[in-house]
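Peer 1: Next up is a structure, given as structure tokens.
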Amino acid sequence: MNLQDALERTASAGEYVLGTLTPSERDTFEAQLRIDRELQAEVYAWQDRFLNFHAHTAPMMVRPDLWSRIARRLGTGRPPVVMAPAANDPFWRRTRFWQVVSGLAVAASVVMGTVLVTIRQPDSIVLSARYLAVLQAPDRTTTWVVEAAAGGDVRLIPVGAMPVVPAGKAMEFWTKPEGAAGPTSLGLVQAGQTYVIPASRLPALGQRQLFELTMEPANGSPIGRPTGPILAVGKAVAL
């Protein structure tokens, strides 16, 4: 975790709000958070951003049979207990939506973001690894969400105000796995339209993988890497 890097700070603040940092990462983050006002502002911005998602998502109660399946996979023998939140708790602890998201994310059983979907499958089926990336514009507003599943599809979903694409220009979708030498183009996308490609087109798929959109010539970047301004960027977290 490099909190001196602007993109890493933004991604880590988002993971902190979602609760997906490891214990050691969380300790490191909170130590810096206590003394860093800019990092505190990043966290507040993510809280506000996810509050907007919550406003458009109806609360869901988890079915008793699903809790039982999660309990069996975790080896606890009994369903998790969701405690009643205190009145002064932060919003992501107060709402049933985030309580449900947190519990299911631990069990790797749901996709979290603008869509919350629970799919019942036989216990013999092993769920594929799933990832979510929230892409931010330079003004820190959320404009796209990336949902990806190992062996499945990658979905780029518009969720905010779209940029104006001038004549002779196009938006190009890129990804860069953590540690990769450079980005890989995933094709041109249309503003406001969901873009779906098979995950097999990605060089890899994993935690902290970078996804971004840039403004390029109408036929895409001529040199195989981004040349224009970044329109939106974010890193994947595992669900």
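Peer 1: Which whole-Hz ³J(HN,Hα) couplings does the stretch 150-167 yield from phi under the Karplus relation 6.51 cos²θ - 1.76 cosθ + 1.60, θ = phi - 60°, glycine and proline marked x?
Peer 2: Working through the residues one at a time gives 4, x, x, 10, 10, 10, 9, 10, x, 10, x, 5, 8, x, 7, 9, x, 4 Hz.
Peer 1: List, in order, the whole-Hz ³J(HN,Hα) value for each residue of the stretch 210-220 obtained from phi through the Karplus relation with A = 6.51, B = -1.76, C = 1.60 and θ = phi - 60°; use x for Gly and Pro.
Peer 2: 7, 10, 8, 10, 10, 8, 10, x, 3, 9, x
Peer 1: Less than 19 Å from a label point 7 Å out along the Cα-to-Cβ axis of Arg225: which backbone N atoms in the stretch 185-216 qualify, by residue?
Peer 2: Within reach of a label on Arg225: 185-187, 203-204, 209-216.
Peer 1: Give me Ile197, Ile35, Ile70 ranked fewest to most by other Cβ atoms within 10 Å of their Cβ, as a rough exposure proxy.
Peer 2: Ile35, Ile197, Ile70
Peer 1: A further question follows. With only alpha-carbon pairs counted, each pair once and no self-pairs, how large is the Kirkwood hydrodynamic radius of the stretch 170-239 in angstroms?
Peer 2: About 12.5 Å for the stretch 170-239.
Peer 1: When ranked by the protection proxy of mean other Cβ atoms within 10 Å per residue, highest first, what sequence do the peptides 221-229, 7-15, 182-190 form?
Peer 2: 7-15, 182-190, 221-229
Read the figures in this text as sums done on the coordinates, not as results from a lab. This one's a predicted model, so the numbers in the text were calculated from it and none came from an experiment. Virtual Cβ from ideal backbone geometry, glycine too; neighbours counted across all protein chains shown.
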